[in-house]
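The structure under discussion appears below in the form of structure tokens.
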Amino acid sequence: QLVESGGGLVQAGGSLRLSCAASGRTFSRYAMGWFRQAPGKEREFVAALTRSGGSTYYADSVKGRFTISRDNAKNTVYLQMNSLKPEDTALYYCGATMNTLLIRSPRAYDYWGQGTQVTVSS
């Protein structure tokens, strides 16, 4: 089970830190990713990292502004979001996958959280 938290309403230029807590003992076996979905749009890749956190991946739209990290001892993955823009407004989901080859594709993910809303006002 994955549970996201940390979303909210923030002004453009502000920051938020999302968290995704996983239950169970196998968290460290999974690569983790963050995706987002705006109304009327498909779920899109935001960021991901491998089991150890040694490799990270970002969408071009967030590169340099967002940072993904994980703490395997706490079964938690984070998404630090800085310099937020109105176009970052969406429902943000975390997911877990064993398939690192398709780490940017939502189809590769085995488990999803319920999402946390991020709204950025201009």
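The values are calculated or read from the model by the stated rules, or taken from the named source; none is laboratory data. Note that this is a predicted model, so its numbers are computed, not measured. When the accessible area is computed, the model is the full protein with side chains, heavy atoms only, and any ligands, DNA or RNA have been set aside. Shrake-Rupley method; radii C 1.70, N 1.55, O 1.52, S 1.80 Å.
Can you spot the aspartates and glutamates whose alpha carbon is less than 12 Å from LYS63's alpha carbon? Ignore those fewer than 8 places along the same chain.
Straight-distance partners of LYS63: none at all.
Order GLU42, GLU4 by their accessible area, 1.4 angstrom probe, all chains in place, largest first. Walk me through the numbers on the way to the answer.
Details: GLU42 160, GLU4 10 Å².
So, going from the largest accessible area down, we get GLU42, GLU4.
For the chain, calculate the relative contact order in percent as a whole number, restricting contacts to Cα pairs under 8 Å that are 6 or more residues apart. List each step's numbers first, then the result.
On the way: 304 pairs, mean separation 44.3, N = 122.
Computed value for the chain: 36 percent relative contact order.
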